[in-house]
Amino acid sequence: MTEQKLHRNFMGYTNKHTHLLIGLGVSSISDSWTAFAQNPKTVEDYLDKIERGLLPVEKGHFLTGEDIGVRKHILNLMCRENTMYNEGIPEQVYGRLLPLLRDKLIWVTEKEIRITTKGKSFLRNVCMAFDEKLWLKQPKTQMFSSSI
């Protein structure tokens, strides 16, 4: 079990937890905890905005309450190797976790998900189970049957 002192942001892991990360430079991403903002992806566009006295932001996204909840669970898993649900693990998340549970990469109770020692190498795969937007982008058909 980790000492629970890690935090993760776009830059990677840090031992300092903050809800504000200011991205400086081309293509960098700022994070205010409830929103993301990305700077232009080319030097020319970035400098043009600065020279015109504009904030060099190309696009942004405000997080919904659901987004923030998902983020909390993913950060808990990535930084603390476990997460807890007050009301129980959502059915669709649990369904996505079943293959990982069968492979003993995670340990699950009604309200808790814990990364096993074996599962630490597959942490990103476990976290993908929580990303509803990722799953909505997945094709609805399969090329091969699982019975082949």
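Of (1) modelled with pLDDT of 95 or more; (2) closer than 21 Å to ILE115 by Cα; (3) not aromatic (Phe, Trp, Tyr), ILE74 satisfies all except one. Which?
Every condition holds for ILE74 apart from (1).
Yes or no: PRO90 farther than 25 Å from LYS5 by Cβ and either in contact with a Lys or Arg (Cβ under 9 Å, 6 or more places away or on another chain) or aliphatic (A, V, I, L, M) (or both)?
Working: farther than 25 Å from LYS5 by Cβ: yes; either in contact with a Lys or Arg (Cβ under 9 Å, 6 or more places away or on another chain) or aliphatic (A, V, I, L, M) (or both): no.
Criteria not met by PRO90.
Of the residues in the stretch 124-133, how many are surrounded by 16 or more Cβ atoms within 10 Å (Cβ to Cβ), closer than 21 Å to LEU6 by Cα and in contact with a Leu (Cβ under 7 Å, 6 or more places away or on another chain)?
2
Determine which single condition LYS49 fails, assuming it passes every other condition in (1) among the charged types (D, E, K, R); (2) surrounded by 13 or more Cβ atoms within 10 Å (Cβ to Cβ); (3) at pLDDT below 95.
Going through (1) among the charged types (D, E, K, R); (2) surrounded by 13 or more Cβ atoms within 10 Å (Cβ to Cβ); (3) at pLDDT below 95 one by one, LYS49 breaks only (3).
Any chance you could count how many residues in the stretch 30-41 are among the charged types (D, E, K, R) and either farther than 30 Å from LEU6 by Cβ or open to solvent by 60 Å² or more (accessible area, probe 1.4 Å) (or both)?
Summing the residues that are among the charged types (D, E, K, R) and either farther than 30 Å from LEU6 by Cβ or open to solvent by 60 Å² or more (accessible area, probe 1.4 Å) (or both) in the stretch 30-41 gives 1.
Can you find even one residue in the stretch 94-106 that is part of a helix (DSSP H, G or I) and small (Gly, Ala, Ser)?
Our first condition is that a residue be part of a helix (DSSP H, G or I); within the stretch 94-106, this holds for 94-102.
The next check asks that each one be small (Gly, Ala, Ser); those that pass are 95.
Yes, the stretch 94-106 contains a residue that is part of a helix (DSSP H, G or I) and small (Gly, Ala, Ser).
Can you tell me which residue is farthest from LEU47 (Cα to Cα) among those in the stretch 12-25 that are of a type outside the set (Lys, Arg) and open to solvent by 60 Å² or more (accessible area, probe 1.4 Å)?
Keep residues of the stretch 12-25 that are of a type outside the set (Lys, Arg), which gives 12-15, 17-25.
Imposing the further condition that a residue be open to solvent by 60 Å² or more (accessible area, probe 1.4 Å) reduces the set to 13, 15, 17-20, 22, 24.
On the way: TYR13: 29, ASN15: 33, HIS17: 31, THR18: 28, HIS19: 27, LEU20: 23, ILE22: 17, LEU24: 12 Å.
In this case the residue turns out to be ASN15.
Yes/no per residue for (1) among the hydrophobic types (A, V, I, L, M, F, W, C); (2) within 18 Å of the chain's Cα centre (by Cα); (3) not in a helix (DSSP H, G or I):
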{"site": "ARG8", "(1), (2), (3)": "no, yes, yes"}
{"site": "HIS19", "(1), (2), (3)": "no, yes, yes"}
{"site": "PRO40", "(1), (2), (3)": "no, no, yes"}
{"site": "LYS49", "(1), (2), (3)": "no, no, no"}
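For PRO56, state whether it is surrounded by 12 or more Cβ atoms within 10 Å (Cβ to Cβ), in contact with a Ser or Thr (Cβ under 8 Å, 6 or more places away or on another chain) and over 22 Å from ARG124 (Cα atoms). Walk me through it before giving the result.
Details: surrounded by 12 or more Cβ atoms within 10 Å (Cβ to Cβ): yes; in contact with a Ser or Thr (Cβ under 8 Å, 6 or more places away or on another chain): no; over 22 Å from ARG124 (Cα atoms): yes.
Taking the combined requirement at face value, the residue does not satisfy it.
For every residue, the table says whether it meets (1) under 27 Å from VAL26 (Cβ atoms); (2) touching a residue at least 40 places away in the same chain (Cβ under 8 Å); (3) open to solvent by 30 Å² or more (accessible area, probe 1.4 Å).
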residue: VAL43; (1), (2), (3): yes, no, yes
residue: PHE62; (1), (2), (3): yes, no, yes
residue: HIS73; (1), (2), (3): no, yes, no
residue: THR83; (1), (2), (3): no, no, no
residue: PRO90; (1), (2), (3): no, no, yes
residue: LEU100; (1), (2), (3): no, no, no
residue: TRP107; (1), (2), (3): no, no, yes
residue: GLY119; (1), (2), (3): no, no, no
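The values are calculated or read from the model by the stated rules, or taken from the named source; none is laboratory data. These figures come from a predicted structure and were not determined experimentally. Don't worry about glycine lacking a Cβ; one is built from the backbone with ideal geometry, like all the others, and counts go over all protein chains shown. Quick note on the areas: whole protein, heavy atoms, side chains included, nothing else; ligands and nucleic acids left out. Shrake-Rupley method; radii C 1.70, N 1.55, O 1.52, S 1.80 Å.
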